[in-house]
Amino acid sequence: SNSSPLSQTKMADLPGMGSQIDASLELTAGTILSNRYTIEEQIGAGGMGAVYQATDSTTGEPVAIKLLLPSLLTNPRAQERFMDEARISQKLSHPNIVNVYDVQQDGDYYFLIMELLEGQDLRGYLDNLKLTRQELNQSEAIRIVSDVCDALNYAHDFTVHRDIKPENIWLTGEGKVKVMDFGIAQIQSTSQRTKTGAAMGTAYYMAPEQLQGRTDIDGRADQYALGVLLYEMLSGQIPAGRVDSLHKLNKGISKKLSLTVDKLLSGQAAQRFANTQEL
């Protein structure tokens, strides 16, 4: 058992999640999807599905394939929603957003074809720092979140991410920041989330208006998640309920940055920033 609340954001730690992912998404090397993509190996798994490295036979290039859990797409409405969101993802073209090349269905499989990136997600990066007892440099935290802001500022003209968390932020080998999985959180109904426990980790990053199930969600919900992210990166703790300001926890964190995080964590969307550009 792991007493750290941070581990609760990892899907593999949740009861029954590991077996659920493996059983329905086990693709062996050599499997060909859509007569075009040859599976090489599994490179990741999360609450929404599994990620594989594959080769595109048309171009000969390596790609990443994100295969969605069949249990997420049991009804036509969820399938339609996924296709809609995936098409929006394809339109997003920004240096801080992972490229989605295509969306496909092959039998029961629904999947996204994305650029294959070297590196690790932000969760892995933070875990490694923790293991080696290093603290994240304040300026590095600001750099990462500023890049995520650039991505969101661009994307908010098209969609709201709704699931900003360390697992959805990728750091390339060169240190570039890329945001993944736009809109995929949309496809899960609240009942599905509760049933599978898949939102337990994500819930820490969700704005109060999202947790209330409101339909008028806008980009300010992503700002709340950024507030949680910054708080976690700079304090090692996930803010839940009423929390001390960062400056109070650590005098080395500037008052200005601390106030910014407080504003992002406002319970009311109207009390946050007008948009991520302002942030």
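The values are calculated or read from the model by the stated rules, or taken from the named source; none is laboratory data. Owing to the predicted nature of the structure, the values given are computational and were not obtained by experimental measurement. For neighbour counting, all protein chains shown are included, and Cβ atoms are generated from backbone atoms with ideal geometry for every residue, glycine included. These accessible areas exclude ligands, DNA and RNA; they are computed on the full protein's heavy atoms, side chains included. Shrake-Rupley method; radii C 1.70, N 1.55, O 1.52, S 1.80 Å.
For segment 63-194, report the translational diffusion coefficient in µm²/s to the nearest whole number, using Stokes-Einstein at 25 °C, 0.890 mPa s, and a Kirkwood Rh over Cα pairs. If you can, show how the numbers build up before the last one.
Numbers: Rh = 15.8 Å.
After rounding, the answer is 155 µm²/s.
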- One finds, for Lys251 and Arg214 with R0 = 45 angstrom and r their Cβ-Cβ distance, a FRET efficiency to the nearest 0.05 of 0.75
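Mind checking the full-extension length gain between Leu131 and Gln268? Use 0.36 nm per residue of separation minus the Cα-Cα distance, one decimal, nm.
On the way: separation 137, 0.36 × 137 = 49.32 nm, distance 3.55 nm.
Full extension of this stretch gives 45.8 nm more.
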- Task: Can you tell me the order of 254-267, 27-40 when each peptide is scored by its average per-residue count of other Cβ atoms within 10 angstrom, highest first?
- Result: 254-267, 27-40
- Task: Can you tell me the alpha carbon radius of gyration of segment 110-156 divided by the globular rule-of-thumb value 2.2 N^0.38 Å?
- Result: 1.47
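Using only the Cα atoms of segment 27-110, what semi-axes does the equivalent ellipsoid have when each is the square root of 5 times a gyration tensor eigenvalue? Give whole Å, largest first. Could the numbers behind the result be given before it?
Values: eigenvalues 78, 60, 31 Å².
Working from the Cα gyration tensor, I get semi-axes of 20, 17, 12 Å.
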- Message: Which order do the peptides 50-62, 101-113 come out in when sorted by mean C-beta neighbours inside 10 angstrom, highest first?
- Response: 101-113, 50-62
- Item | Inter-label distance, nm, simple model (7 Å from Cα along the C-beta direction), Thr172/Ala203 | 3.7
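Summarise the accessible area of segment 32-156 (1.4 Å probe, protein heavy atoms) by the percent that is carbon and sulfur. Let's see the in-between values first.
On the way: 2720 of 6110 Å².
Of all accessible area on segment 32-156, carbon and sulfur atoms account for 45 percent.
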- Message: Under 20 Å from a point placed 7 Å out from the Cα of Glu118 along the Cα-to-Cβ direction: which residues of segment 65-101 have their backbone N that close?
- Response: 65, 95-99
